[in-house]
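Novice: Before I ask anything, let me first share the structure, which is written out below as structure tokens.
The values are calculated or read from the model by the stated rules, or taken from the named source; none is laboratory data. Being a predicted model, the structure only gives us computed values, none of them experimental. Don't worry about glycine lacking a Cβ; one is built from the backbone with ideal geometry, like all the others, and counts go over all protein chains shown. What goes into the accessible areas is simple: the full protein's heavy atoms, side chains included, and nothing from ligands, DNA or RNA. Shrake-Rupley method; radii C 1.70, N 1.55, O 1.52, S 1.80 Å.
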Amino acid sequence: MTQLFLNFFRPKQANLKDEVLSGLTVALALVPEAVAFSLIAGISPLIGLYTAFIIGLVTSILGGRPGMISGATGAIAVVIVALVAQHGVEYLFAAVVLMGLIQILVGVLKLGKLIRLVPHPVMFGFVNGLAIVIAMSQFDQFKFTTESGSAAWMTGTPLFIMIGLVLLTMIIIKFLPKLTTAVPSALVAILTTSLIVIFAGIETRTVGDLASISGGLPQFHLPVVPLNWETFMIILPYSAIMAGVGLIESLLTLSLIDEITETRGHGNKECVAQGVANLTTGFFGGMGGCAMIGQSLINVNAGGRNRISGIVAAIGLLVFILFLSTYIEMVPMAALVGLMFMVAIGTFEWASLKVFRKVPKSDVLVMVLVTLVTVLLHNLALAVLIGVVIAALVFAWENSKMIRARKTTDENGVKHYEIYGPLFFASALAFGQKFDPLNDPDEIIIDFAESRIVDHSGIDAVHKVTERYEKLGKTVYIRHLNTSSKVLLNKAEKIINVNYTDDDPSYKIVVEKNASKSFV
């Protein structure tokens with residue numbers, strides 16, 4: 001058991017130093033994010049920090065994607081604003097518990113594989129939109145609050161100082177790896193900028209200006225809400241949306257990290273881990289969260305590839321809260337803004353700009369639309385859903401145009417219709433238009449050797465064709481229908497009567513030994 005435990009955590013693609021240093025870098029980057037998302041949701045900053053710690057720790061240990069970082073996120077914060085405002089923070093904790101249960105159920109039912117339905121243009125649009133959102137969210141740090149309480153842009157010396165420190169951070173992150181990779185460039189950049197600000201006495205915004213991050217250990221806390229149907233119906237819509245948003249963002253981040261590291265994560269395992277993490281944080285007064293693409297990229301680029309980096313990031317964040325809050329609050333926001341700008345630049349798929357004239361216009365449309373929805377609405381789940389729906393409709397439209405029929409008449413006067421292309425809801429109308437019942441002979445054969453019936457619309461299309469011939473006293477025979485299409489027709493035998501030709505071959509399913517796949 002001891003050996004198994006050691007193998008579970010032992011780095012296989014990176015050394016321990018890289019894992020620890022990348023974890024500490026992520027921990028520093030988590031602080032302002034967690035505080036900012038808490039303020040968006042209208043809750044205490046410590047709730048966001050505790051959420052980042054608990055979710056980060058649990059998913060690092062149990063997750064299906066080592067090296068991926070999870071915590072409190074803006075996508076979840078936006079969802080819970082109305083719940084907190086209308087019903088209070090206790091209802092939020094209850095909603096997070098239910099959110100975790102839903103995510104566990106998704107993982108147990110192995111629905112994580114549905115991420116495969118997300119087309120590549122949607123992935124490009126999602127990543128590009130998220131990169132723009134990450135960059136745009138940093139511009140708030142270039143504003144200050146006036147005496148009247150409104151936000152205004154910095155001017156003069158404060159603005160130049162902020163820009164200078166941001167550029168310094170970005171330059172260190174960009175060019176230090178060309179000199180040495182002994183330590184993560186992001187960590188060096190944050191420390192260097194912080195030391196310059198502290199010892200030079202430069203007046204600029206720091207983490208402490210956002211909120212105090214000092215606190216104790218998170219305490220177990222049962223949500224104080226009435227345990228009745230009314231409460232359940234209040235939190236259910238929020239829990240379902242949070243669970244969906246969290247899993248979509250987590251699984252898309254998982255796919256992105258898979259691509260970068262050329263390894264494969266486990267989607268269903270990650271769904272369960274996200275659920276357990278949110279269930280736990282709900283009982284410790286957390287706001288709920290999911291995978292964080294920005295922090296995950298920071299971790300991977302800094303050398304974090306295994307569970308140790310995520311665990312170090314979570315524990316490091318707790319150490320900051322308990323013991324080092326005074327020092328962390330001295331870190332200039334400019335250093336973290338520069339880091340996030342570099343993350344945004346690295347996240348954006350610049351290669352997608354080169355393929356605009358090389359891919360179908362529909363793919364470009366999907367890519368741009370997903371990017372715009374992500375940027376304008378900040379709703380990642382909605383953006384991905386819209387992209388998938390449009391891509392599916394485009395696919396259906398293109399396939400609907402593939403249905404065609406080759407017509408021949410044999411020596412016996414029997415007319416043959418050889419069908420090509422899938423028969424489904426989008427091609428059903430075109431299929432029906434291929435036939436000429438009035439002028440056809442008494443017997444026709446529809447040959448499906450190069451086609452298949454996909455859905456109920458396809459069955460109905462065949463039924464309407466046979467019905468038209470039957471009214472004229474003519475007979476329709478079906479030939480070369482594959483096994484899955486036969487099963488569909490047999491199930492619909494009450495609404496359709498099919499005549500198969502005598503020479504129609506009998507299809508059998510051949511199952512390979514020691515394999516779970518079937519081949520028709």
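Novice: Of ILE248, ILE173, THR466, which is farthest on the positive side of the dipole of the chain, counting Cα position, with +1 on Lys and Arg Cβ, -1 on Asp and Glu Cβ, and the Cα centre as origin?
Specialist: Value: ILE173.
Novice: Solvent-accessible area of LEU365, probe 1.4 Å, all protein chains present, reported in Å² to the nearest ten, please.
Specialist: Here the residue's solvent-accessible area equals roughly 100 Å².
Novice: What number, in nm² with one decimal, is the all-direction average of the projected area of the convex hull of the alpha-carbon atoms of the range 294-380?
Specialist: One quarter of the hull surface, i.e. the mean projection, equals 8.2 nm².
Novice: Additional query: Enumerate the calculated ³J(HN,Hα) couplings along the range 319-327 in order (Karplus 6.51 cos²θ - 1.76 cosθ + 1.60, θ = phi - 60°), each rounded to whole Hz, writing x wherever the residue is Gly or Pro.
Specialist: 5, 4, 5, 7, 10, 10, 4, 4, 6
Novice: Using θ = phi - 60° and the Karplus curve 6.51 cos²θ - 1.76 cosθ + 1.60, what whole-Hz ³J(HN,Hα) does each residue of the range 424-434 get, with Gly and Pro shown as x?
Specialist: 8, 4, 7, 9, 4, 5, 4, 4, x, 7, 6
Novice: Sorting check: for 49-61, 149-161, which peptide has the highest mean count of neighbouring beta carbons within 10 Å, and how do the rest follow?
Specialist: Averaged packing, sorted descending, gives the order 49-61, 149-161.
Novice: Could I ask something else about it? Quick one: which residues, 5+ away or cross-chain, put their amide H under 5 Å from the amide H of ILE445? H built at 1.01 Å from N.
Specialist: The answer is LYS415, HIS416, TYR417, TYR477.
Novice: Under a 1.4 angstrom probe, counting protein chains only, how are TYR477, TYR91, TYR327, TYR417 ranked by accessible area, largest first?
Specialist: Descending accessible area places them as TYR327, TYR477, TYR91, TYR417.
Novice: Accessible area per residue of the range 355-436 at 1.4 Å probe, in Å²?
Specialist: With the other protein chains kept in place, the range 355-436 gives 58 Å² per residue.
Novice: Output the peptides 384-395, 208-219, 421-432 sorted from most to least packed, where packing is the average of other Cβ atoms within 10 Å over each peptide's residues.
Specialist: Per-residue Cβ counts within 10 Å, averaged per peptide and sorted highest first, yield 421-432, 384-395, 208-219.
Novice: Sorting check: for 257-265, 338-346, 461-469, 17-25, which peptide has the highest mean count of neighbouring beta carbons within 10 Å, and how do the rest follow? Don't skip to the answer; put the middle values down first.
Specialist: Values: 257-265: 14.6, 338-346: 21.7, 461-469: 18.7, 17-25: 23.9.
Top of the packing list down: 17-25, 338-346, 461-469, 257-265.
Novice: Treating the beta-carbon of each Lys and Arg as +1 and of each Asp and Glu as -1, no other charges, what is the dipole magnitude of the range 74-191 about its Cα centre, to the nearest 20 debye? Numbers along the way, then the final one.
Specialist: Working: 6 positive and 3 negative charges, 123 e Å.
Its charge dipole is roughly 600 debye.
Novice: Among ASN301, LEU423, LEU105, whose Cα lies farthest out toward the positive end of the dipole of the chain, if unit charges sit on the beta carbon of Lys, Arg (+1) and Asp, Glu (-1)?
Specialist: ASN301
Novice: With respect to the cross-link table entries LYS434/LYS464; LYS434/LYS474; LYS113/LYS354; LYS178/LYS354; LYS415/LYS464; LYS361/LYS401, which display a Cα-Cα separation exceeding 23 Å?
Specialist: The answer is LYS113/LYS354; LYS178/LYS354.
Novice: Under unit Cβ charges (Lys, Arg +1; Asp, Glu -1), what dipole magnitude, rounded to 20 debye, does the range 311-407 have relative to its Cα centre?
Specialist: 1020 debye
Novice: Express the carbon and sulfur contribution to the solvent-accessible surface of the range 238-369 as a percent, rounded to the nearest whole number, probe 1.4 angstrom.
Specialist: Values: 3160 of 4810 Å².
Heavy-atom surface of the range 238-369 belonging to carbon and sulfur, 1.4 Å probe: 66 percent.
Novice: Which trypsin sites (Lys or Arg not before Pro) does the range 352-423 hold that lie in a coil by DSSP with at most 15 other beta carbons within 10 Å? Could you put the intermediate results ahead of the total?
Specialist: Numbers: sites: LYS354, ARG357, LYS358, LYS361, LYS401, ARG404, ARG406, LYS407, LYS415; in loops: ARG357, LYS358, LYS401.
Within the range 352-423, the qualifying trypsin sites (Lys or Arg not before Pro) (loop, at most 15 other Cβ atoms within 10 Å) are ARG357, LYS358, LYS401.
Novice: Once you put a point 7 Å from the Cα of HIS416 and another 7 Å from the Cα of VAL359, both along the Cβ direction, what distance in nm separates them?
Specialist: In this crude label model, HIS416 to VAL359 measures out at 4.2 nm.
Novice: In degrees between 0 and 90, to the nearest 10, how far off the longest principal axis of the chain does helix 156-179 point, with axes built from Cα atoms?
Specialist: Helix 156-179 sits roughly 70 degrees off the main axis of the chain.
Novice: Okay, next question. Of [x] 22.6, 85; [y] 29.2, 100; [z] 21.7, 66, which one was derived for Rg and Dmax of the Cα atoms in Å from the structure shown?
Specialist: After the calculation, the listed value that fits is [y].
Novice: Considering amide H positions built from the backbone, and no H for Pro or chain starts, which residues 5 or more places from LEU481, or on another chain, come under 5 Å of its amide H?
Specialist: Answer set, sorted by chain and number: PHE448.
Novice: Express the accessible area of the range 188-303 per residue in Å², computed with a 1.4 Å probe while the remaining protein chains stay in the model.
Specialist: For the range 188-303, the solvent-accessible area averages 42 Å² per residue.
Novice: Under a Cβ-only charge scheme (Lys and Arg +1, Asp and Glu -1), can you give me the dipole magnitude of the chain about the Cα centre, in debye to the nearest 20?
Specialist: Approximately 840 debye in magnitude.
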